[in-house]
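First up is the structure itself, then whatever we jot down about it.
Laboratory data are not the source of any read-out in this text; all were calculated from the coordinates shown. A quick note: this is a predicted structure, and the numbers were derived from the prediction, not measured. All Cβ positions, glycine included, derive from the backbone under ideal geometry; neighbour counts span all protein chains shown.
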Amino acid sequence: MTDAITSSGEDLPFPAGFTWGAATAAYQIEGAATAGGRGPSVWDTFSHTPGKVRGGDTGDIACDSYHRYVEDADLIKSLGLSAYRFSISWPRILPSGEGGKGAVNQAGLDYYKRLLDALAERGIRPSVTLFHWDTPQALQDKGGWASRDTALRFAEYVSVVGEALGDRVPTWVTLNEPHVVAHNGHRIGVHAPGLTDDAVAAAVTHHLLLGHGLAAGALRAVTPAGTEVGITLSLTPVRLDSDAPEDLQHAARVTDASFNGLFLDPLLYGRYPAHALPEVLPPAGLIRDGDLAAISAPLDFLGVNYYRPVHLRRGDPARLLLGEAPALPGLDGVVQFDPAELEHTNMGWLIDPEGLYELLLRLSKDAPGLPLYITENGCGAEDYFGTDGVVNDLERIKYLHQHLRAAARAVNDGANLAGYFVWSLLDNFEWAWGYQKRFGIVYVDFATQNRTPKASAGFYAGVARANAVPPLPAEWPV
Ligand code: FCB
């Protein structure tokens, strides 16, 4: 793997017009949780529930980007990036989650107008995510995404936003990582709303996808021609030892179908994957006529979030060894594990740039002609100020360097990749990890809200400027 990446000693170019951006999400950066008429979301409830988030951290203040958006727009510009992916907080627009136009919180819409105008003034192209996990608590109280009605309420909200902001937004992402919402939020309960119920998670999967389909239709009805509409998936390559026996190969196919195919197949082909585990598949009774047609309406692009692969081996899910985790429900005798000999980030996530290369080529083969954006990729690391006042986040530079080399190679080998957004512009509220994990290319001192670009910001700005990624150095400075 490493050979394939290091063997070329040249700059690897990206196509002309390639988008270089940075990404954030509303609950992770905005703060101002009760300002300007915002209603609570499931993440407010979850983070305020003792024991759910490390250190009792919440997004109440976060990076205070609600008040500091001009400074943040300046930062993006100073890095020479052409695009910014941020998300809109649904309960800022509709504090009770529903109600159509009469219930719209104008102050919420005005905030996003100001942000979009600040970006436009600086020549930064917005890519706007409509749902990055902050379901209005009022809708959760009525069943949340387990209820079909939430998909309809989502489309209603999206229509309000599309009408108000459509003239300012060229690119919309309906949902961020529906797999993580269903799995982490409703199957294993480590994210809001903290449920642990397979049947609920399966229903949530279908209703999220339906919400995407209805929202995409709503956007197309109210936004100008030429507006791009897509969705962002978290995609996870499944890895085995090269000599893995047939039963493990089968488990890998099932896991791939249950993690990735569960979302890719309905979106691309209008059907759920036959290979997925029954436990994760939405039951037929939930799927109404027309749902799959709405879900599979053509996308303008697919957003890909890539962080790490998953490795499988034989094991006992009831007696896990160090480094093991349960595989999906229904996969007997198989566990996930982290090969200790491979490199990890400080999230404990495996570093596997080749996984990104393979994923981009696979998607370009499965969906020929569909533009891909890497809407998130990045590295959690222990960042700190050196005595010289510099945050020398070498680990992140290495991570980005390797993944950008992999992306450039994939483009060279035929992947239809149109852009890359680093996760994240800022250190921010990292969900169940709170502020303990830093993903930013810009350091945030949460006590003062001072922002300081890290060494990785300089590296990334250089790649964006050159539209090419330099060779890996023979040796990294220590
Ligand atoms: C992704 C999320 C994003 C961020 C990164 C590290 O799953 O979309 O908000 O937390 O992980």
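The distance between label points at T448 and A325 comes to 3.6 nm (points 7 Å beyond Cα on the Cα→Cβ vector).
Each label was represented as a point 7 Å from its Cα along the Cα-to-Cβ direction; for D60 and D241 these points are 5.1 nm apart.
Taking 0.36 nm per residue of separation and subtracting the current Cα-Cα distance, fully stretching the chain between S82 and Q106 would add 5.8 nm.
Taking only DSSP H segments of four or more residues, each worth -39500 (n - 2.57), what value at 222 nm results for the chain once the sum is divided by all its residues, to the nearest 500 deg cm²/dmol? Present the calculation step by step, with values, prior to reporting the outcome.
Values: 16 runs with 170 residues, N = 478.
The helix-only estimate for the chain comes to -10500 deg cm²/dmol at 222 nm.
Please give the net charge around H212, taking every other residue with its beta carbon less than 15 angstrom from that of H212, where Lys and Arg add +1 and Asp and Glu add -1.
Details: positive: R148, R153, R220; negative: E156, E177, E228, D265, D291, D300.
Taking every other residue near H212 into account, the sum is -3.
A simple count of charges around D11, restricted to other residues whose Cβ falls under 14 Å of its Cβ and scoring Lys, Arg +1 and Asp, Glu -1, yields +2. Between segment 165-187 and segment 90-140, the C-alpha centres lie 13 angstrom from each other.
Taking a point 7 Å from the Cα of K113 along the Cα-to-Cβ direction, the residues of segment 151-186 with backbone N closer than 18 Å to it are 158-170. Under 1.5 on a/c is rounded, so check that first for segment 23-128, then, if it is not, pick prolate when a/b is larger than b/c and oblate when it is not; a ≥ b ≥ c are the square roots of the alpha carbon gyration tensor eigenvalues. Cα axes put segment 23-128 in the oblate bin. Within the chain, the whole DSSP H helices whose Cα atoms reach 18 Å or more along their own axis and whose mean Kyte-Doolittle score is at least 0.5 are 198-222. Rg and Dmax of the chain, both derived from C-alpha coordinates alone, stand at 21.2, 63 Å. Spatially, segment 59-80 and segment 300-341 are offset by 36 Å when compared through their Cα centroids.
Rounded to the nearest 0.05, what FRET efficiency do N392 and T34 give with R0 = 51 Å and r taken as the Cβ-Cβ distance? Could you check?
Numbers: r = 38 Å, r/R0 = 0.74.
Efficiency, from the Cβ-Cβ distance: 0.85.
Taking every C-alpha pair closer than 8 Å and separated by at least 6 residues, the mean separation divided by the residue count of the chain gives a relative contact order of 18 percent. Between the alpha-carbon centres of segment 424-478 and segment 371-416 there is a gap of 9 Å.
In terms of other Cβ atoms within 10 Å, E475, E395, E376, E382 run from fewest to most in the order E475, E382, E395, E376. Once the chain from D413 to D197 is taken as fully extended at 0.36 nm per residue, the excess over their C-alpha distance is 73.6 nm.
Find how much the distance from H250 to E279 grows on full extension, using 0.36 nm per residue of separation minus their present alpha carbon separation; answer in nm with one decimal.
Working: separation 29, 0.36 × 29 = 10.44 nm, distance 1.64 nm.
That works out to 8.8 nm of additional length.
Placing pseudo-labels 7 Å out from each Cα toward the beta carbon at A474 and D316 gives an inter-label distance of 5.1 nm.
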